[in-house]
Amino acid sequence: MLSFVLRRIGVMALTAIALTFIVFYLTNLPPNLEKLAKSEGSVRMADDAVASWLERNGHTGPMLVRYGQWLGVVPGWTREEDGVTTGRCIPRGTDPATAPRYCGILQGQWGYSTVFKAPVVTMLGRSLGHTAWLMLAVMLVMVPSALALGVLSGMREGSRLDRVLSTFAIATTATPEYVSGVVFVALFASATAGISPLLAEWGLISGKTLFQGTATSAMEDITFWNFALPVMTIALYGIGYIARMTRASMTEVMTAQYIRTARLKGASFRQVVVRHALRNALIAPFTVIMLQFPWLLNGVVIVETLFNYKGFGWTLVQAAGNNDIDMLLACSVVAVFVVLVTQLISDIGYVFLNPRIRLA
Amino acid sequence: MTNWDPSKPILEIENLSISFFTRLREIPAVMDFSCTVMAGEAMGLVGESGCGKSTVALAVMRDLGKNGRITAGRILFKGRDLVTMSDEELRQIRGSEIAMIYQEPMASLNPAMKIGAQLAEVPMIHQGMGRDEAWKLARQIVADVRLPDPDRIINAYPHQLSGGQQQRIVIAMALMSKPALLILDEPTTALDVTVEAGIVDLVKDLGEKYGTSMLFISHNLGLVMDVCDRLCVMYSGEAVETGAVTEVFDTMRHPYTQALFRSIPLPGADKNSRPLISIPGNFPLPHERPQGCNFGPRCDYFQKGRCDAAEIAMSGVPGGDRHASRCLKWAEIDWSAPPKARVSKEKVPVGEIVLKMDDLKKYYSVSGSAFGGGSRKVVKANETLSFEAREGETLAIVGESGCGKSTFAKVLMGLETATSGQIMLFDENVQSTPIQKRNTDTVSKVQMVFQNPFDTLNPSMNVGRQIIRALEIFRYGGSDAERHARMLELLDLVKLPRAFAERMPRQLSGGQKQRVGIARAFAGGAKVVVADEPVSALDVSVQAAVTDLLMDIQRENRTTLLFISHDLSIVRYLSDRVMVMYLGHVVEMGTTDQVFSPPYHPYTEALLSAVPIADTHVERKRIVLEGDIPSAMNPPPGCPFQTRCRWKSQVPGGLCEREVPPVQVLEGGHQIKCHLDREVLARMEPVIKIAAE
């Protein structure tokens, strides 16, 4: 067990290094850096001024060395000019002698966000906190309802219940978030369209809309009315997908011979489903659910932007749109980390669900 | 259940008809089936695959699935009609009054539930027993089915047990609430013979102990003779003959029963002087059954205008004990006449040595623990294998699963390379040459016929194309036309109509597919053919035809046949020499006569006694081996067989536990790997005795 986890962690570290290098390379291409110089210095900088700005701020030199500095395995750059020592690890106005030699993400120096004018760590921490709440709500809604739908439709394949639920599941997976999100807003959170004007007219709601079309207020205080729409938008797509997977696995299990054994033991249909089929049927969807975590990160990009919820996805969009290199790199590190950790958890969880599995 | 009279039958099936409904048509699976099982009686249902015997069993359980329906007849269980019962009533009977034991124990146990929980569930459902009490009962029943260490077993998961242990658990599950009727659907087909013998003994003992009636479904006539009091032979959805076992076996009154007995290798059959007689033709498909007698088109006694005129009803055979036959002519047929078609064939003289193995070893290394890593273990799949095979000879390799016989085939074919030792093939050492590096000539000379014809043909390529593909690989002929002509010749060789070249594998029956497999193996003029259980997936009547075909081709081409099998009856029938393997070791080797008569290696002795023989004249000594075959990953020290050997006490000083026995060479080159003295070996009695008629 331990050696398996250690090996997986080793592989994860390698993957993380490879992926962050790719992101680093792409964000540090010369045109990007030029844009950075112009936005930090002055828009009307001449070419040689740009070059000297980059030189002064340590953006020259081999790509690998710069990557190493960012990672924190190569000493940060320093330069002496007019008797003042500046460097990657020397914040302005501090004594160069006390500054550390290394200052990359390994040392916790994630850099400074140029868009938010704040350290990356604080910004990222805050936005991840927001996203964590969103994800938690989505998972709480999505997983139980998807499993319930899948099991209900899979236990009697081809029955009317199965067909109705399957149609629903297929319809929801076939609708991307940017469509369902807009539809939800129009339907429930618009003062001029959907059901809100009617409800307001009848005096059933005090405000102008039933739900709030923006989730900005949820950052302070989460309520049903400001959080339901973004959560449903993300969850609905996943519900359909996981439900389909669960259904497929459930129908397969229901035809297995040990289900016949249970039936011919005299167990009632309910006992057959709950005691015998369920655990076996949940093995396959478990991986799918774990795969949903990285996919949720991708889902939140659209939904957070749509509902103006300043979480991880929104921050990523802002960073990418504004050439915020440090922020972007930090976001990619987090994303890589989330993907790899969930996969590790899924592999280990598998062993506990399925006594036959042996990892090698 | 209280007002049931024990002298009345437990189960009475009257004129039962079952159909399966597909979108296209109604497919009748069972027609007009009747049988009666008295209290404490064991009834056998015998027939080839597709004859409807399992359908009858499922109908008794009323578990025919969505498509199956009982279209006529009654199934009376203790006087109550199961056909009209509600789901709730059925639920109370299932598991408590009628229990079932299935063919594949692994698949019938829930992989994610502990054994104890699966067992305890039965009394918890039916008697409302508490959890602790139910587990206690489970533990006791596990001990009852003679499993060692019941405390460990009830806390284990199914995959942690061996096949034989799993089947004992399934039996234990069926016995949890002491049912009145036990349905056994091919309970030992997936198991090895020595394990099978143990299970059969157990079932018989438990039947006597609890007075349970049994409905025993099997295709193995020998097994039915061992277990049952009465039997019912089924053919194509109908019962064709029913009666007491000895009566049906000795004085059969239906041509199908007779043909069936003539097609199975009983002691005394010989490939040269008394070859088996296969049943001509094929089993009719359910929707293509002939008018009148279903067996008519394949019957020797068929009379046009009489046998195919109308449906035939069962008629009683006077003088017998409820003996009945579904044949119009049974009174007219001379049942004692010898078969007409029996032609004796010449014996093939053996030639030069073509294959010689010397001290061959094949070890695998596997990782030990659950999450990988851990210490690596060595599996000794083949240990010091030495033998030679001559041209035109049939060498049988016999052993139970895990004995290393398939590994040996893989090494010979070049799919694996040997760890050490020599394989000389026509004076060429192929020991360490994997198949990719062997030249076409060598590859085409050594070919293989596989066990399962259903999986070894490409489903999307027609038969002719598959054979031509083999010819192309063997670089046969210069043009497509030449190869096509050769392909047609090969179809002739395996006695398939030439029109079959255009057919897809799915349109072929199992026996026909195996013929295609044989044609493919002989495409390049193979000199050595490894047949890995070539007939074990086929029905008995087809087995005879396929083995005969192999023999005929061998006679013509003077091929060396390495026949890998676990079925000793067929081995005795067709092989010249036999090699018995156990846990990677060759424990005994010699001519067929030497191996099948004393002195035996103790393992061979047990193996021989375990094989059920469908002949009432044969007397067989029962030697039931204790326990399972040890894992090859963790073999016992010393002699591999010492953990189960009943002769161990005859060897002084615990030698068996310390040293691997030497090979003793007895008279006529008969080799036995055993510590037993020659005198002790000489005192052994034959396991099988044929009583004087």
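The values are calculated or read from the model by the stated rules, or taken from the named source; none is laboratory data. Every value quoted in this text rests on a predicted model; they were computed, and no experiment measured them. With ideal geometry, Cβ positions are generated from the backbone for all residues, glycine too; neighbour counts draw on all protein chains shown.
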Quickly run through the stretch B:200-259 and pick out the residues that are closer than 30 Å to B:I623 by Cβ, touching a Phe, Trp or Tyr at 6+ places or on another chain (Cβ under 6 Å) and either among the small types (G, A, S) or without any contact (Cβ under 8 Å) to a residue 24 or more places away in the chain (or both).
none
Within the stretch A:179-206, residues being surrounded by 14 or more Cβ atoms within 10 Å (Cβ to Cβ) and among the aromatic types (F, W, Y) number 2
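Sort through A:A99, A:A148 and tell me the only one that's touching a Cys at 6+ places or on another chain (Cβ under 6 Å), of a type outside the set (D, E, K, R) and surrounded by 14 or more Cβ atoms within 10 Å (Cβ to Cβ).
Working: A:A148 fails: touching a Cys at 6+ places or on another chain (Cβ under 6 Å).
Of A:A99, A:A148, the one residue that is touching a Cys at 6+ places or on another chain (Cβ under 6 Å), of a type outside the set (D, E, K, R) and surrounded by 14 or more Cβ atoms within 10 Å (Cβ to Cβ) is A:A99.
Would you point out which residue out of B:I217, B:I169, B:I264, B:I153 is within 14 Å of chain A (Cβ to nearest Cβ) and either surrounded by 22 or more Cβ atoms within 10 Å (Cβ to Cβ) or β-branched (V, I, T) (or both)? Step through it out loud before you land on a result.
Numbers: B:I217 fails: within 14 Å of chain A (Cβ to nearest Cβ); B:I264 fails: within 14 Å of chain A (Cβ to nearest Cβ); B:I153 fails: within 14 Å of chain A (Cβ to nearest Cβ).
Being within 14 Å of chain A (Cβ to nearest Cβ) and either surrounded by 22 or more Cβ atoms within 10 Å (Cβ to Cβ) or β-branched (V, I, T) (or both) holds for just one of B:I217, B:I169, B:I264, B:I153, which is B:I169.
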Of all residues in the stretch B:608-641 being in contact with a helix residue (DSSP H, G or I) (Cβ under 8 Å, 6 or more places away or on another chain) and not in a loop (DSSP other than H, G, I, E, B), the one that is farthest from B:S565 (Cα to Cα):
B:R620
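Name the residues in the stretch B:172-189 that are over 19 Å from B:E41 (Cβ atoms), more than 11 Å from chain A (Cβ to nearest Cβ) and assigned to a helix (DSSP H, G or I), would you? First the steps, then the outcome.
First, the residues of the stretch B:172-189 that are over 19 Å from B:E41 (Cβ atoms): B:172-173, B:176-177, B:186, B:188-189.
So of that shortlist, the ones also more than 11 Å from chain A (Cβ to nearest Cβ) come out as B:172, B:186, B:188-189.
Passing the criteria: only B:A172.
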Across (1) within 29 Å of the chain's Cα centre (by Cα); (2) at pLDDT 70 or above, B:S344 clears everything bar (2)
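Say whether the condition of being assigned to a loop (DSSP other than H, G, I, E, B) and either surrounded by fewer than 17 Cβ atoms within 10 Å (Cβ to Cβ) or not polar (S, T, N, Q) (or both) is met by at least one residue in the stretch A:163-175. Walk me through it before giving the result.
Step one: filter the stretch A:163-175 for residues assigned to a loop (DSSP other than H, G, I, E, B), giving A:174-175.
Next cut, either surrounded by fewer than 17 Cβ atoms within 10 Å (Cβ to Cβ) or not polar (S, T, N, Q) (or both) only: A:174-175.
Yes, the stretch A:163-175 contains at least one residue that is assigned to a loop (DSSP other than H, G, I, E, B) and either surrounded by fewer than 17 Cβ atoms within 10 Å (Cβ to Cβ) or not polar (S, T, N, Q) (or both).
Just wondering, is there one or more residues in the stretch B:308-328 that are in a loop (DSSP other than H, G, I, E, B) and hydroxyl-bearing (S, T, Y)? I'd like the intermediate steps shown before the answer.
If we filter the stretch B:308-328 for residues that are in a loop (DSSP other than H, G, I, E, B), which is where we start, we get B:308-314, B:317-323, B:326-328.
From what's left, hydroxyl-bearing (S, T, Y): none.
No, the stretch B:308-328 has no match at all.
Yes/no per residue for (1) away from chain B (no Cβ under 14 Å); (2) at negative phi; (3) modelled with pLDDT under 85:
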{"site": "A:A243", "(1), (2), (3)": "yes, yes, no"}
{"site": "A:R247", "(1), (2), (3)": "yes, yes, no"}
{"site": "A:V253", "(1), (2), (3)": "no, yes, no"}
{"site": "A:Q257", "(1), (2), (3)": "no, yes, no"}
{"site": "A:A281", "(1), (2), (3)": "no, yes, no"}
{"site": "A:P285", "(1), (2), (3)": "yes, yes, yes"}
{"site": "A:I289", "(1), (2), (3)": "yes, yes, yes"}
{"site": "A:P294", "(1), (2), (3)": "yes, yes, yes"}
{"site": "A:N298", "(1), (2), (3)": "yes, yes, yes"}
Name the residue that is farthest from A:V138 (Cα to Cα), counting only residues in the stretch A:237-248 that are aliphatic (A, V, I, L, M) and surrounded by 24 or more Cβ atoms within 10 Å (Cβ to Cβ).
A:A243
Selection within the stretch B:436-469 - in a helix (DSSP H, G or I) and modelled with pLDDT under 85
B:Q436, B:K437, B:T440, B:D441, B:T442, B:V443, B:S444, B:K445
Flagged in the stretch A:1-54 as under 25 Å from A:V334 (Cα atoms), free of Cβ contacts under 8 Å to residues at least 40 places away in the same chain and crowded, with 16+ Cβ neighbours inside 10 Å, in numbering order, are A:L33
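Select the helices (runs of 4 or more DSSP H) contained entirely in the stretch A:1-120, then report the ones holding at least 1 residues which are within 14 Å of chain B (Cβ to nearest Cβ). Explain how you work it out, then say what you get.
Details: elements: A:2-27, A:30-40, A:47-56, A:63-71.
Per the criteria, A:2-27.
One line per residue, one yes/no per condition, for (1) free of Cβ contacts under 8 Å to residues at least 40 places away in the same chain; (2) of a type in the set (D, E):
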position: B:S54; (1), (2): no, no
position: B:A59; (1), (2): no, no
position: B:R62; (1), (2): yes, no
position: B:I70; (1), (2): no, no
position: B:L82; (1), (2): yes, no
position: B:L90; (1), (2): yes, no
position: B:R94; (1), (2): yes, no
position: B:E97; (1), (2): no, yes
Would you be able to say whether some residue in the stretch A:321-344 is within 14 Å of chain B (Cβ to nearest Cβ), more than 15 Å from the chain's Cα centre (by Cα) and over 15 Å from A:G154 (Cβ atoms)?
yes
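Quick one: is B:K437 out of contact with any strand residue (DSSP E or B) (no Cβ under 9 Å at 6 or more places or on another chain) and on the phi > 0 side of the Ramachandran plot?
On the way: out of contact with any strand residue (DSSP E or B) (no Cβ under 9 Å at 6 or more places or on another chain): yes; on the phi > 0 side of the Ramachandran plot: no.
For B:K437, the condition - out of contact with any strand residue (DSSP E or B) (no Cβ under 9 Å at 6 or more places or on another chain) and on the phi > 0 side of the Ramachandran plot - is not met.
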Does A:L210 satisfy the condition of being part of a helix (DSSP H, G or I), away from every other protein chain (no Cβ under 14 Å), in contact with a helix residue (DSSP H, G or I) (Cβ under 6 Å, 6 or more places away or on another chain) and within 30 Å of A:L165 (Cβ to Cβ)?
no
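Here is a yes/no grid of residues against (1) within 11 Å of another protein chain (Cβ to nearest Cβ); (2) polar (S, T, N, Q):
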{"site": "B:M43", "(1), (2)": "no, no"}
{"site": "B:G47", "(1), (2)": "no, no"}
{"site": "B:R62", "(1), (2)": "yes, no"}
{"site": "B:R80", "(1), (2)": "no, no"}
{"site": "B:L90", "(1), (2)": "yes, no"}
{"site": "B:S96", "(1), (2)": "yes, yes"}
{"site": "B:M100", "(1), (2)": "yes, no"}
{"site": "B:N110", "(1), (2)": "yes, yes"}
{"site": "B:L119", "(1), (2)": "yes, no"}
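State yes or no: is B:L161 crowded, with 17+ Cβ neighbours inside 10 Å, over 30 Å from B:I13 (Cβ atoms) and within 14 Å of chain A (Cβ to nearest Cβ)?
So B:L161 fits the description; yes.
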